[in-house]
């Protein structure tokens, strides 16, 4: 399982997750500031393929020169590099999310519906 830490690049996390998971045919697991990629079969996902898919995504949205990819073991961290025009590019890329995700503080379960999260939290107190 490979984790991709987007804690410093949350504006591109969702679109990056979709692109990389589709490109590699992997099962994505979403957390609040990172995502994990798991293989459907017994073979593991190649870290170099994940890095090249991330680079391809950054190239496609013209942000390659504004981010650095830092691999460490099975963890990959995407960190921004301060550059002019980056804020404008990120604003164009990220739209205001009309349906924010709600996350369980106990286990990380995520849903778009606040009522579903309240119901989910009850299982932790049974």
Checklist entry - Condition test on residue 21, is it on the phi < 0 side of the Ramachandran plot, modelled with pLDDT of 85 or more and buried (at least 16 other Cβ atoms within 10 Å of the Cβ)? => result yes
Checklist entry - Restricting the search to segment 2-11, which residues are out of contact with any helix residue (DSSP H, G or I) (no Cβ under 6 Å at 6 or more places or on another chain) and surrounded by 15 or more Cβ atoms within 10 Å (Cβ to Cβ)? => result 3, 4, 5, 9
Checklist entry - Only one residue in 81, 45 is modelled with pLDDT of 85 or more and not assigned by TED's automatic domain parsing to the domain that holds residue 108. Which one? => result 45
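Does residue 40 meet the test of being surrounded by fewer than 13 Cβ atoms within 10 Å (Cβ to Cβ) and in contact with a strand residue (DSSP E or B) (Cβ under 9 Å, 6 or more places away or on another chain)?
Against the criterion (surrounded by fewer than 13 Cβ atoms within 10 Å (Cβ to Cβ) and in contact with a strand residue (DSSP E or B) (Cβ under 9 Å, 6 or more places away or on another chain)), residue 40 qualifies.
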Checklist outcome for this item: Filtering segment 24-52 for residues that are closer than 19 Å to residue 10 by Cβ and outside any loop (DSSP other than H, G, I, E, B) leaves a count of 8
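The values are calculated or read from the model by the stated rules, or taken from the named source; none is laboratory data. Because the structure is predicted, anything quoted here is derived from the model rather than measured. Positions of Cβ are backbone-derived with ideal geometry, glycine not excepted, and every protein chain shown enters the neighbour counts.
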